[in-house]
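Engineer: The following block contains the structure, expressed as structure tokens.
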Amino acid sequence: IYGDGQYAVVGAWGATSTNTNAGKAYVYAVASSGTWQLVQTITPVSTNTNSYFGTSVDISDDGSTILVGQNGLSKVVRYSRTGSGVSATWGTPVDTSFQMPYTALFGSTVKISGDASTYVAASSTNTTGPGVWVWDTFGDTTQLDMPSVTGTTQTSYSGYGASIAISRDGSVGYRDWE
């Protein structure tokens, strides 16, 4: 749910589109009556079987940006809002460059800073162990902020990165150290 409580996003990784477990994300807004109203169903660009779009979701404090994890494809997708209230939509993905090797389960956990300037995503497994990745946004450019942070004594499936957090301004994140 975002900062002032006007929007909420819900992931449904097991939802079926054209293939089993392709996944979806549902966006709700508070209507003038004070009730929650479904305003958009986001379906993945890649609807492969078991791609698990919606494994994790997050929304920025101002509701302008949504991140959706798709860990079956080891991907995180970012969407930007146009419009407001029950007329708001989150259109074509801004970018889909947050992708890791398929074996990484990348996108199992995603977080976005309140001001939508920083993104954090985790992988619970990887060939070199689990890890956390951080991106910063500068205008229309998003870049990897630092090399991945791995659980140095953790092994795949240890749960490292299963829960991550980031500060509202994006300056501090992911304190899931051993």
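What follows is calculated from the coordinates using simple rules that are stated; it is not laboratory data. Everything numeric in this text was worked out from a predicted model, so none of it was measured. We place every Cβ from the backbone using ideal geometry, glycine too, and count neighbours over all the protein chains shown.
Engineer: For segment 15-32, how many residues meet the condition of being free of Cβ contacts under 8 Å to residues at least 24 places away in the same chain and under 19 Å from SER108 (Cα atoms)?
Structural biologist: So the count comes out to 2.
Engineer: Sticking with this one: Any residue at all in segment 72-82 that is over 22 Å from SER117 (Cα atoms) and touching a residue at least 12 places away in the same chain (Cβ under 8 Å)? Steps first, answer last, please.
Structural biologist: Taking segment 72-82 and keeping what is over 22 Å from SER117 (Cα atoms), we get 72-73.
Filter once more, so that each one left must be touching a residue at least 12 places away in the same chain (Cβ under 8 Å): 72-73.
Yes, there is a match, as at least one residue in segment 72-82 is over 22 Å from SER117 (Cα atoms) and touching a residue at least 12 places away in the same chain (Cβ under 8 Å).
Engineer: Which residue, of SER80, SER74, SER64, is in contact with a helix residue (DSSP H, G or I) (Cβ under 9 Å, 6 or more places away or on another chain) and closer than 30 Å to ASP169 by Cβ?
Structural biologist: Selected residue: SER74, the only one of SER80, SER74, SER64 that is in contact with a helix residue (DSSP H, G or I) (Cβ under 9 Å, 6 or more places away or on another chain) and closer than 30 Å to ASP169 by Cβ.
Engineer: Could you count how many residues in segment 36-49 are surrounded by fewer than 16 Cβ atoms within 10 Å (Cβ to Cβ) and out of contact with any strand residue (DSSP E or B) (no Cβ under 9 Å at 6 or more places or on another chain)?
Structural biologist: Residues flagged as surrounded by fewer than 16 Cβ atoms within 10 Å (Cβ to Cβ) and out of contact with any strand residue (DSSP E or B) (no Cβ under 9 Å at 6 or more places or on another chain) within segment 36-49 amount to 1.
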